[in-house]
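> Below is one structure. I have some questions about it.
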């Protein structure tokens, strides 16, 4: 039961970070855990595409046998802009045999290139950003660094004041469950920051290292994505310095 819960936490963390559906994230996590997975065939390297793409043109060429120009032409013929994201990704997967993960990636890249979707924008039109940092700490130590007011004050004072205030408010909320730490060290904390939602995920890398992933959802614009990214990078950098002191 503990392993099943731990797996769910890893899947949810990937889904939160990549924007995938839970079922898509689960398929990829299970594939990574499967032993002796056959290596993907080596394909010629192509020039990298625009940063609007989810990944490089070379990566899509290697995994699907074609670069983005080919797949964009396929989606143009299909009428993907008018038919929508779900239909387009399904068309690539069912008609052209593209793996579901790459079908999603191609479709998102296509939507960005055609101006249907901005970078970091989800299907519902909202934006989100994720920032991660590996710390020299345990889950309990990280949870205390956030939750204990005196410990938090030791590292967060130089962070953005609005970020620090929203975090303190979220932790003090009577409805908040605070950090939930599993026996295997996986942890999470979720709170509201004005009209946005912040999720923190803790994933142990070893006995003394842990990955912290912060995802802030329901952001109003692309400009707010970059603002929040800078604020969270600064905050997690200060937290890393706290544990390295």
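The values are calculated or read from the model by the stated rules, or taken from the named source; none is laboratory data. Since the structure is predicted, the reported quantities are computational estimates derived from the model, not experimental observations. Neighbour counts are summed over all protein chains in view; Cβ atoms, including those assigned to glycine, are modelled from backbone coordinates with ideal geometry.
> What's the number of the only condition in (1) within 18 Å of residue 133 (Cβ to Cβ); (2) outside any helix (DSSP H, G or I) that residue 218 fails to meet?
(1)
> Within the stretch 165-179, identify whether any single residue is in contact (Cβ under 8 Å) with a residue 60 or more places away in the chain, in the same structural domain as residue 239 (by TED's automatic domain parsing) and out of contact with any strand residue (DSSP E or B) (no Cβ under 6 Å at 6 or more places or on another chain), and answer yes or no. Before you say what the answer is, go through the steps one by one.
Looking only at the stretch 165-179, we keep the residues that are in contact (Cβ under 8 Å) with a residue 60 or more places away in the chain, and these are none.
No.
> Out of the stretch 207-224, which residues are under 18 Å from residue 239 (Cβ atoms) and surrounded by fewer than 18 Cβ atoms within 10 Å (Cβ to Cβ)?
Pass one, the stretch 207-224, residues under 18 Å from residue 239 (Cβ atoms): 208-216.
Within the stretch 207-224, 208, 209, 211 qualify.
> Working carefully through the options 70, 66, find the one that is out of contact with any helix residue (DSSP H, G or I) (no Cβ under 6 Å at 6 or more places or on another chain), outside the structural domain of residue 179 (by TED's automatic domain parsing), modelled with pLDDT of 80 or more and not in a helix (DSSP H, G or I). Before the answer, list the steps.
Numbers: 70 fails: not in a helix (DSSP H, G or I).
Going through 70, 66 in turn, just one is out of contact with any helix residue (DSSP H, G or I) (no Cβ under 6 Å at 6 or more places or on another chain), outside the structural domain of residue 179 (by TED's automatic domain parsing), modelled with pLDDT of 80 or more and not in a helix (DSSP H, G or I): 66.
> Which numbered condition trips up residue 192, out of (1) in a strand (DSSP E or B); (2) more than 15 Å from residue 12 (Cα to Cα); (3) touching a strand residue (DSSP E or B) at 6+ places or on another chain (Cβ under 7 Å)?
Exception for residue 192: condition (3).
> Considering only the stretch 131-156, state which residues are crowded, with 16+ Cβ neighbours inside 10 Å, touching a helix residue (DSSP H, G or I) at 6+ places or on another chain (Cβ under 6 Å) and either farther than 25 Å from residue 227 by Cα or modelled with pLDDT under 80 (or both).
137, the sole residue that qualifies.
> Look at residue 241 and say whether it is surrounded by fewer than 15 Cβ atoms within 10 Å (Cβ to Cβ) and under 17 Å from residue 135 (Cβ atoms). Lay out the reasoning, then the answer.
On the way: surrounded by fewer than 15 Cβ atoms within 10 Å (Cβ to Cβ): yes; under 17 Å from residue 135 (Cβ atoms): yes.
Here the answer is yes, as residue 241 does meet what is asked.
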